[in-house]
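Shown next, in structure tokens, is the structure this report addresses.
The values are calculated or read from the model by the stated rules, or taken from the named source; none is laboratory data. Worth saying up front: this structure is predicted, and the values here are computed from it rather than measured. Note that each Cβ is placed from the backbone with ideal geometry, even for glycine, and that neighbours are counted across all protein chains shown.
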């Protein structure tokens, strides 16, 4: 009952927020994207114990793919990138929305396929080898995207602009706001459900001791790949959305942005408390408020502040906000073994 | 294939020579990485930034009018203290913890130092002119800048001195003892805290030497540190910890690979090729080990 109240209050807040804070519409949309990134990172980093720096790969693939499909469905892509996009070609509203939804779906599916394909090789690595390998993967993708002429090379490309004849920019930000909100809720609900099933238990078993999990007869590789595919799907969609919201795609600063979004997602999940459902959500919210609220004070010094923040959080506060709550008030926030959990455990036997 | 390198095979000699000379520098950086990894069990993502910082020391000397080649003496001294300071501030808190914590913490340091260097030296690509001239080989068809030969020689000398120091000196013995078993070393009266600080300092000093060499042979830029980290990581996993000939060989092999990738794929894919190679090596080793039901540790 308490939970239903909490969820409905949050849902109502999400629905009316663009009218309550019209000036922060875009900022709150970015917050939903960041929550998606943090939650999907937590599938690997928190629940499975595989600390990845490479989820940014799927973010970038989704971003380029969504924009590429939106353009390529109606116009020649090469000419678009050469001419700087919107100056030569104009999407009609129908074309825009057709392209957007088809692109968004592909931005989810293709990264998921990529994750499935490379997963078998890369998820066999463990610990820091996995971390460094995925770090290299993300940066390699950025460098390679920066060398491909078709998608604008190092200059980047513009994603299709909002068709002017159906409404102003207010309508545009509301449209993207609700798409982001829907995607965020879908991610949350899906992961909440998934963590309660056998899948979630297996992920935790892998985190606790992979060798033992394997000895128990669980084919861990399958679950690791499924986990990565799920992450890639949602991250890819978030990337596609992000590309449209920013309106401009650049290989190393926006799409495969290891030092910004790639680190943000790790940091947010750790700040909130990794391995918990609510941790990444709280972490992303706190981080986003901190970032947007204080970034202006550090003008020019953002990355110095970010570096210090990373060191401080990781070294002095690795258990995160939820972890701290758990330790302080175990009766309220500690692990509760409920009926559903117990049933799932019985099934496992 | 109408690539230049197949039309003019002498370019292969050029690429190999360039690759070997730069590979020795990579091996020097990787040696520092292996040292701290073996002794302190941390992976330092900020390794590349230490290199670039050492390079900027040499560049600063060049700007104020001292010949930048003296940077190979000054940079390690300054970098040693930077390394010890960094250890006292942050690294000592991540030594005994999960490797991922050290990766992420040093990642934070790397972002921080990149930005600080950007403030101090600007974001332009800079180079410290050494005016050493060039050596011509094979009827002037292969050109080798003397600065590259100089830096390779310096690296070899530094590596030899370090190996002898590690074998003979008291600190070297203490470092090796700590690497083998930190607890036992502590019981036998080794001040492991001091050993760790010295190890990180020596690593930073090695990075300083390599950085000063890079400043006179190549270009410097605040944001190019990460490729050096990845290269040294790659060399270490190829060669294994504490295998100096292996480190030297794989460093040179990596250098040659890079030069060939540069000619074959184009300069814009050079860094991408390095990063992809790391992924491929790791995946290859994982498949090889998984036949024996093992994994990379």
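Of all the numbered requirements in (1) within 25 Å of residue B:154 (Cα to Cα); (2) buried (at least 22 other Cβ atoms within 10 Å of the Cβ); (3) free of Cβ contacts under 8 Å to residues at least 12 places away in the same chain, residue B:279 misses one, and that requirement is (1). Take residue B:33 and decide whether it is crowded, with 20+ Cβ neighbours inside 10 Å and touching a helix residue (DSSP H, G or I) at 6+ places or on another chain (Cβ under 6 Å). Judged against the criteria, residue B:33 is a match. Looking only at residues in the stretch B:94-117 that are surrounded by fewer than 17 Cβ atoms within 10 Å (Cβ to Cβ) and within 11 Å of another protein chain (Cβ to nearest Cβ), the one that is farthest from residue A:265 (Cα to Cα) is B:97. Scanning the stretch B:126-142 for residues that are surrounded by fewer than 13 Cβ atoms within 10 Å (Cβ to Cβ) and out of contact with any strand residue (DSSP E or B) (no Cβ under 7 Å at 6 or more places or on another chain) turns up B:129, B:131, B:133, B:138, B:139, B:140, B:141.
The selection criterion, being at pLDDT below 90 and in contact with a helix residue (DSSP H, G or I) (Cβ under 9 Å, 6 or more places away or on another chain), does not hold for residue B:81. When residue A:134 is tested against (1) within 18 Å of the chain's Cα centre (by Cα); (2) at positive phi, exactly one condition is not met: (2). Residues in the stretch B:221-248 that are under 22 Å from residue B:150 (Cβ atoms) and more than 14 Å from the chain's Cα centre (by Cα): B:221 only. Within the stretch A:216-224, one or more residues are over 23 Å from residue A:116 (Cα atoms) and modelled with pLDDT under 90. Taking the stretch A:300-313 as the range and being under 20 Å from the mean Cα position of the chain (by Cα) and modelled with pLDDT under 85 as the test, only A:306 passes.
Looking at A:319, A:250, A:292, can you tell me which residue is farther than 29 Å from residue A:7 by Cα and at pLDDT 80 or above?
Working: A:319 fails: farther than 29 Å from residue A:7 by Cα; A:292 fails: farther than 29 Å from residue A:7 by Cα.
After ruling out the rest, the residue left standing is A:250.
Considering the stretch B:250-281, and only residues there that are more than 19 Å from the chain's Cα centre (by Cα) and more than 12 Å from chain A (Cβ to nearest Cβ), the residue that is modelled with the highest pLDDT turns out to be B:260. Residue check: is residue B:182 under 25 Å from residue B:37 (Cβ atoms) and modelled with pLDDT of 90 or more? No: the conditions fail for residue B:182.
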